[in-house]
Amino acid sequence: MTHVLLPVTLLLRRFDVVAVIGRAVELAAVGIAGRAIVRRLGLPRSTVRGWLARFAGRVERLRAHFTAWAVWLAPGWSGPAPAGSSIADAVAVIVVAAHAGAEDVWTFASAATGGRLLCNTSAPFPAPWTR
């Protein structure tokens, strides 16, 4: 068995960099349809559809995970304001946590999930440190 240490710009079992995947999620969060996202990114429809379906399928878990990060990194943060959809809510919390950690949003999202942002494993995400 071979082990590979991935940089935080990549996700487990995904070929494209996390910034591209994150851009697709951001576009979906503001209500842009899948076909329009595919045209904007110039990627296969099945690839983008897979990313968005995986994100949507774990959206509550992601929102809870990044809420914990946001609370830990920005102790005065009062919680998310509704953003209009569950995907938009999750993206908003990811952005808050990333900015509190002074990181690029999607690089932070990759690091904070141990590269498992869209992974189909049941392995837990790394937890924020406790004080």
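A compact table of results
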quantity	calculated
Residue that is surrounded by the fewest Cβ atoms within 10 Å (Cβ to Cβ) [pool: residues in segment 99-120 that are over 14 Å from L11 (Cβ atoms) and at pLDDT below 85]	A102
Helices (runs of 4 or more DSSP H) wholly inside segment 18-89 containing at least 1 residues that are in contact with a Phe, Trp or Tyr (Cβ under 6 Å, 6 or more places away or on another chain), closer than 16 Å to A109 by Cβ and modelled with pLDDT of 90 or more	18-29, 59-73
Residues satisfying the stated conditions in segment 73-91, i.e. under 22 Å from G57 (Cα atoms) and among the hydroxyl-bearing types (S, T, Y)	S85, S86
Number of positions in segment 38-86 that are surrounded by fewer than 18 Cβ atoms within 10 Å (Cβ to Cβ) and aromatic (F, W, Y)	2
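Condition check ((1) touching a helix residue (DSSP H, G or I) at 6+ places or on another chain (Cβ under 8 Å); (2) without any contact (Cβ under 8 Å) to a residue 12 or more places away in the chain) across all residues:
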site	(1), (2)
R63	yes, no
A70	yes, no
W77	yes, no
A81	yes, yes
V93	yes, no
A102	no, yes
F108	yes, no
T113	yes, no
A127	yes, no
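The values are calculated or read from the model by the stated rules, or taken from the named source; none is laboratory data. What you see is a predicted model, and the numbers here were worked out from it, not measured in a lab. Note that each Cβ is placed from the backbone with ideal geometry, even for glycine, and that neighbours are counted across all protein chains shown.
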